[in-house]
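A quick write-up on the structure given underneath.
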């Protein structure tokens, strides 16, 4: 436990010393949110299950899910696999740092980083586009925690499968971009052809978006979607503990 | 007291490459044990198997009475490791690394003392990427010792250290040994092995080719001494006939006469008899380097 906390604190300090490593995870979603706000402004959804919901009230919570996904599919795997590539993991392992402490610290750091991202998006969306605040903060928090758990586990899995940090980066970016377009985080879901939605449903971001959006706009916790996100996280955890490599 | 390390018929291959063919050795409590060999001899692979960082393909390993594979967690709390190829995050500071690693095993040394001993106090707030090669090396040794290990593995510890820092490091290793820590020193550096180790295993092509205290290895495997002097004399063919002389080599004025037993006395007498009295006549004792050459048939590659 002491090692977990110390390692987490060191990781937080390392991020603060080199914030550029988070630039993509943060800057890109915020930038796209600004563009979407410029395009859709005060418009409302015109059809589908979210008809008449103000579009920015959809995008703000869904971009919180997107930031969580970018931390898990890009930042975390690149970070872990570059640790492995450079021999940092080897050093940790030889000194008896446990997998639980190492991966636990990554989860805690991801929670913290995602929180900062979520607050940035909430404030920006509220001030610039009059997006609403969450209807049920506690239920949104639950969806946020489950989302971080899911994507952190996916991130560890990607880090374990990628042979190098560069491979982790390309693979993570590819997965993230595909999810960006098929999960309601770019064009609204109802504008997508059904085959795209099917791809979306096969990937975790789609479900994580709905799990965050529903309690945000006052529809309460979407237990089905939350359960899917949790299940993906559980499977990714089990698999990644089997395939995790220190070197 | 049982040995701290027992390795019996250790074997390890990477695909078709045999890194360790068959290595057996034991390390006793409280000694500095050297694994000496050139690059690729299998030294690092052997100690990585002993630390449970690699799976041996064959043989029996016991370290502090534990199986390095199935009891790796407990083992790593009780040993220290300075690895040859490893790193820390670029922006982590010296004190943070020591603080973190000391928290893994509660009840170890105060990390501040270790930091002081290894001359890192002035660099406590420096980040890892700003350290010189020698400072990194000292930090890694300090990290290996911060949990007060019973057994410590030092793999090419003095690589990157300047001669003065190297001597300081040797003193600290001796002090560690005197305080009861068993040290396994992996090195390809003859002088280090000869000066520092209580016992040495010479490794070549994945096998242990000799084992023993350095002086005994020299006595057993390098029986020749070399008599060296300078002279302008043209014809020295008669030197080969002098008793105990094995071989005569000449490089310009410098003459080297290799031989056993009383070669110095015989050569000196013969020189005087031929009217040659070189003022620089001296004898060079064999070193571990000669042992290595005799055992492996090749010189140590740097």
What's the center-to-center distance, using Cα atoms, between segment B:113-160 and segment A:177-221 in Å? 51 Å
What is the mean projected area of the alpha carbon convex hull for chain A, to one decimal in square nanometres? 12.8 nm²
Based on the alpha carbon coordinates of the protein assembly as shown, what radius of gyration and maximum Cα-Cα distance (Dmax) apply, in Å? 32.5, 118
Work the Kirkwood hydrodynamic radius out for segment B:173-302: mean of 1/r over every pair of different alpha-carbon atoms, inverted, in Å. 16.8 Å
Do you know the relative contact order of segment A:119-237, to the nearest whole percent, from alpha carbon pairs under 8 angstrom that are 6+ apart? 38 percent
Could you sort the peptides A:73-86, B:16-29, B:240-253 by per-residue average Cβ neighbour count (10 Å cutoff), highest mean leading? A:73-86, B:16-29, B:240-253
With angles folded into 0 to 90 degrees, how steeply does helix B:263-273 sit against the dominant principal axis of chain B? Use alpha carbons for both and round to 10. 30 degrees
Explain nothing, just the number: relative contact order of chain A, from Cα pairs under 8 Å at least 6 residues apart, as a whole percent. 27 percent
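Based on the alpha carbons, how large is the Rg to Rh ratio for chain B when Rh follows Kirkwood? Let's see the in-between values first.
Values: Rg = 23.3 Å, Rh = 21.5 Å.
Here Rg/Rh amounts to 1.08.
If you average the sequence gap of Cα pairs under 8 Å that are 6 or more apart and divide by the length of chain B, what percent do you get for the contact order?
Numbers: 583 pairs, mean separation 60.0, N = 302.
It rounds to 20 percent for chain B.
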Against the longest alpha carbon principal axis of chain B, how many degrees, from 0 to 90 and to the nearest 10, is the axis of helix B:94-104 turned? 70 degrees
Distance between Cα centroids, segment B:236-279 to segment B:32-63: provide it in whole Å. 44 Å
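Over all distinct alpha-carbon pairs, what is the Kirkwood Rh of segment A:124-190 in angstrom?
Details: mean 1/r = 0.0689 Å⁻¹.
It is 14.5 Å.
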Expected sort for B:142-151, B:268-277 on mean C-beta neighbours within 10 Å, highest first, is B:142-151, B:268-277
Please work out the ratio of the alpha-carbon Rg of segment B:1-152 to 2.2 N^0.38 Å and round it to two decimals. 1.12
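Taking the Cβ of each residue in A:192, A:173, A:238, A:89 as the centre, tally the other Cβ atoms inside 10 Å and list the residues starting with the fewest.
Values: A:192 18, A:173 15, A:238 11, A:89 23.
If I rank by nearby Cβ atoms, fewest first, I get A:238, A:173, A:192, A:89.
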At 1.002 mPa s and 20 °C, Stokes diffusion of segment B:87-154 via Kirkwood alpha-carbon radius, µm² per second: 182 µm²/s
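Which value at 222 nm does chain B reach when only helices count, each DSSP H run of 4 or more adding -39,500 (n - 2.57), with the total divided by all residues and rounded to the nearest 500 deg cm²/dmol?
Details: 10 runs with 97 residues, N = 302.
After summing the helix terms and dividing by the residues of chain B, the value is -9500 deg cm²/dmol.
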With bins of 10 Å, the percent of all Cα-Cα pairs of segment B:224-285 per bin from 0 is 24, 66, 10
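Could you order peptides B:110-118, B:7-15 by the average number of other Cβ atoms within 10 Å of their residues, highest first? Could the numbers behind the result be given before it?
Details: B:110-118: 18.3, B:7-15: 16.2.
The most tightly packed comes first, giving B:110-118, B:7-15.
Determine, for A:201, A:51, the number of other Cβ atoms within 10 Å of each Cβ, and report the residues in order from fewest to most. All intermediate terms of the calculation are to be shown ahead of the outcome.
On the way: A:201 13, A:51 10.
Ranking A:201, A:51 by Cβ neighbours within 10 Å, fewest first, gives A:51, A:201.
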Largest first, please: the extent of the C-alpha atoms of segment A:1-95 along each principal axis, to the nearest Å. 58, 25, 21
Compute the distance from the alpha-carbon center of segment A:1-58 to that of segment A:61-82, in whole Å. 10 Å
Over the Cα atoms of segment B:153-236 the radius of gyration and the largest Cα-Cα distance (Dmax), both in Å, equal 17.2, 58
Computed, not fitted: 222 nm per-residue ellipticity of chain A from DSSP H runs ≥ 4 (each -39500 (n - 2.57)), nearest 500, equal to -25000 deg cm²/dmol
Least to most buried among B:190, A:1 (fewest other Cβ within 10 Å first): A:1, B:190
Per-residue average of other protein chain Cβ atoms inside 10 Å, peptide B:77-88 -> 5
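Only the coordinates and a few stated rules stand behind these numbers; no lab work does. Please read all numbers here as calculations on a predicted model, not as lab measurements. Reconstructed Cβ throughout: ideal geometry from the backbone, glycine too, with neighbour counts over all protein chains shown.
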